[in-house]
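One structure is given here, and the rest of the page talks about it.
A short reminder: the numbers here are calculations on the coordinates, not readings from a lab. Everything numeric here is computed off the predicted structure, so don't read it as measured data. Heads up, the Cβs are rebuilt from the backbone with ideal geometry, glycines too, and the neighbour counts pull from every protein chain shown.
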Amino acid sequence: MSNEQNEMEAASSKKLYQGVCDRFERIASFIDLDSKVHAIMSQPKAELMIHFPVKMDDGNYMLFKGYRIQHNNLLGPYKGGMRFAPEVSLDEVKGLAMLMTLKCALVKLPLGGAKGGIKYNPNDHSPEENQRITRRFTIALGDNIGPSYDIPAPDMGTNAQYMDWIMDTYHNLYGRKIEDKAVVTGKSVACGGSVGRASATGFGAVYCLEEWAGGQGVSLEGARFSIQGFGNVGSHAALKIEALGARLVAVNDHTATLINPDGVSATELASHVAAHRGVKGFQPTREVDDADRFWGLETDFMVLAALENTVTEDNAGLIRAKLIVEGANGPVTTEAEEILTENGVHIIPDILANAGGVIVSYFEWVQNRNSEYWNAETVDAKLREKIISAYHQVKTVSATRGVSMRQAAYIESLKHLEEVYLKRGVWP
């Protein structure tokens, strides 16, 4: 990786963290957040940086850098994904960990906020190397994770297989059998995962979209939508929205931009992406070289399901969608949000729109701790009820205080955390 690429990634990570902090500071000032709570929430409780060696298939050793940021555990055990990607950095995971604290507080889960990962690209390694890297990282974390202390989950670059490896490694270290299953969520169903976990983030975003459309008197039947990012979140959201009668007309990911006014089959595209790791080549005659055409396409709504900081002051003015649904974490910078607001674009913010993943992760944790199994219908019904309740809480705060949905979501989260801190007190 070039120095220029490293500098760009560092700047993006710092921008994410600074953006989260700026929004926190603005809302804390707006609601006159208690000074004790303000001080505690402004920094993570713990920042772990770990360097660990792993033997490669050729017999040589590589040194990897891993992180685990534990932001806050007032409401319950730390909770947050493990991201395996080249751009993982301290600032990135610090920002994402704070978002997790706010997200769990918003949807009233008995969980705190954390985030972690390893700075490397799993696609550059064999399955055997990825397994050794994951297990060695788990060993290095040691008792910094645990079913009642810090519970990782999948994120970018990881999936159920990685969670199975973490759980199995942890079990072999501590050997508590049933309880050990709850050390991570997002596992395969065979290894104790919950049905509905893989689709939860995408489906939760769609349930928020449905509530917004109903409140605006907008029909999803025949609506036109675009999606940025077509991985786990984007593909499940697209499939669900397509089933509601809307038409996918544009997709952008790291491989290509695809625009088709006649519609793109989400089902067929999901199969293509699973086989080819990107949208490129699905409809070559519909691929365009200019990504600005994606941003500037007139649609009813846009789902952002890729990375942070994808909508900036450089492209925000191009967006002509009526609504943005933030399926990703931190996809809109603070500068871009000001432009979008001025242009009348509604935003369902990340800590609400993508909370479906952690909601069903919580359900998985409960099932593991209680040795229960919930069927798909039960999980989906509980997810829908939980996220719709949070949506309407945010809408009420937005209406009564005259603030945006994002500001309302932050207010709801921070007021809940403040109430608990003030009732419990700060020890000693």
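Obtain the nm distance between the two label points defined at V403 and S35 by a simple spin-label model: each point lies 7 Å from its Cα along the Cα-to-C-beta direction.
The modelled label-to-label distance comes out at 2.1 nm.
Output the peptides 139-145, 128-134 sorted from most to least packed, where packing is the average of other Cβ atoms within 10 Å over each peptide's residues.
Values: 139-145: 16.4, 128-134: 18.9.
Result, highest mean Cβ count within 10 Å first: 128-134, 139-145.
What is the fewest-to-most order of R424, R406, R224 by other Cβ atoms lying within 10 Å of their Cβ?
Numbers: R424 9, R406 23, R224 17.
The fewest-first ordering by Cβ neighbours comes to R424, R224, R406.
Mind pulling up the Rg/Rh value for the chain? Radius of gyration and Kirkwood radius, both on Cα. List each step's numbers first, then the result.
Numbers: Rg = 20.7 Å, Rh = 21.8 Å.
Expressed as Rg/Rh, it is 0.95.
Using only Cα atoms, figure out Rg for the stretch 199-348 and give it as a multiple of 2.2 N^0.38 Å.
Working: Rg = 13.9 Å, N = 150, 2.2 N^0.38 = 14.8 Å.
The reported ratio for this selection is 0.94.
Quick one: net charge around D168, please, counting Lys, Arg +1 and Asp, Glu -1 for every other residue with C-beta under 11 Å from its C-beta.
My count for the surroundings of D168 gives +1.
Cα centroids of the stretch 224-262 and the stretch 372-410: how far apart, whole angstrom?
23
Based on the Cβ-Cβ distance of S219 and D289, what FRET efficiency does E = 1/(1 + (r/R0)^6) give at R0 = 41 Å, to the nearest 0.05?
Details: r = 34 Å, r/R0 = 0.82.
It comes to 0.75.
For the stretch 3-183, what Kirkwood radius comes out of the mean inverse Cα-Cα distance, in Å? Write out the running numbers ahead of the final one.
On the way: mean 1/r = 0.0586 Å⁻¹.
Averaging 1/r across every pair of different Cα atoms and inverting gives 17.1 Å.
Determine the dipole magnitude for the stretch 3-183: charges of +1 sit on the beta-carbon of Lys and Arg, -1 on that of Asp and Glu, nothing else is charged, the reference point is the Cα centre, and the result goes in debye to the nearest 20. Numbers along the way, then the final one.
Details: 22 positive and 23 negative charges, 119 e Å.
The dipole of the stretch 3-183 has a size of about 580 debye.
Just to be sure I understand: of the beta bridges DSSP finds with both ends in the chain, what percent are antiparallel, rounded to 5?
Working: 22 of 47 bridges.
Beta bridges within the chain, antiparallel portion: roughly 45 percent.
Can you compute 3J(HN,Hα) from phi for each residue in the stretch 337-343, using the Karplus curve 6.51 cos²θ - 1.76 cosθ + 1.60 with θ = phi - 60°, rounded to whole Hz and x for Gly and Pro?
Rounded to whole hertz, the list is 5, 4, 5, 4, 4, 4, 8.
What are the ³J(HN,Hα) couplings of the stretch 283-290, residue after residue, when phi is run through the Karplus curve with 6.51, -1.76, 1.60 and θ = phi - 60°? Round to Hz, x for glycine and proline.
9, x, 6, 9, 6, 10, 7, 9
When M41, M62 are ordered from fewest to most other Cβ atoms inside 10 Å of their Cβ, what list results?
Working: M41 24, M62 13.
Fewest-to-most ranking of M41, M62: M62, M41.
Using helices alone, what [θ] at 222 nm do you get for the chain, with -39,500 (n - 2.57) per DSSP H run of 4 or more residues, divided over all residues and rounded to the nearest 500? Write down the numbers at each step before the final one.
Details: 14 runs with 204 residues, N = 428.
Computed ellipticity for the chain at 222 nm equals -15500 deg cm²/dmol.
Sorted from fewest to most neighbouring beta carbons within 10 Å, what does the list W165, W374 look like? Kindly include the intermediate steps, with their values, before the conclusion.
Working: W165 22, W374 18.
So the ranking, lowest neighbour count to highest, is W374, W165.
Can you compute 3J(HN,Hα) from phi for each residue in the stretch 209-223, using the Karplus curve 6.51 cos²θ - 1.76 cosθ + 1.60 with θ = phi - 60°, rounded to whole Hz and x for Gly and Pro?
Calculated HN-Hα couplings, in order: 4, 4, 5, 4, 4, x, x, 8, x, 9, 8, 7, 5, x, 5 Hz.
Give me the net charge for the shell around G245: Cβ to Cβ below 14 angstrom, other residues only, Lys and Arg +1, Asp and Glu -1.
Numbers: positive: R224, K240, R247; negative: E210, E221, E242, D300.
So the surrounding residues net to -1.
Sketch the reach of a paramagnetic label on Y373 as a point 7 Å from Cα along Cα-to-Cβ, and name the residues of the stretch 139-183 whose backbone nitrogen lies under 20 Å away.
The answer is 160-161, 164, 168, 177-183, whose backbone nitrogens lie closer than 20 Å to the label point.
Apply 1/(1 + (r/R0)^6) to the Cβ-Cβ distance of Q43 and I178, taking R0 = 45 Å, and write down the FRET efficiency to the nearest 0.05.
Working: r = 36 Å, r/R0 = 0.79.
With R0 = 45 Å, the Cβ-Cβ based efficiency is 0.80.
Cα centroids of the stretch 101-169 and the stretch 310-347: how far apart, whole angstrom?
Distance between centres, Cα-based: 30 Å.
Going 7 Å from the Cα of K55 toward and past its Cβ, which residues in the stretch 161-201 have a backbone nitrogen under 13 Å from where you end up?
none
Using a cut-off of 10 Å between beta-carbons, work out the net charge of the residues near I50 (Lys and Arg +1, Asp and Glu -1, I50 not included).
Neighbourhood net charge equals +3.
So for the stretch 304-367, what are the equivalent ellipsoid semi-axes in whole Å, largest first, each being the square root of 5 times an eigenvalue of the Cα gyration tensor? Don't jump to the answer; show the numbers that get you there.
On the way: eigenvalues 152, 23, 13 Å².
So the three semi-axes of the stretch 304-367 are 28, 11, 8 Å.
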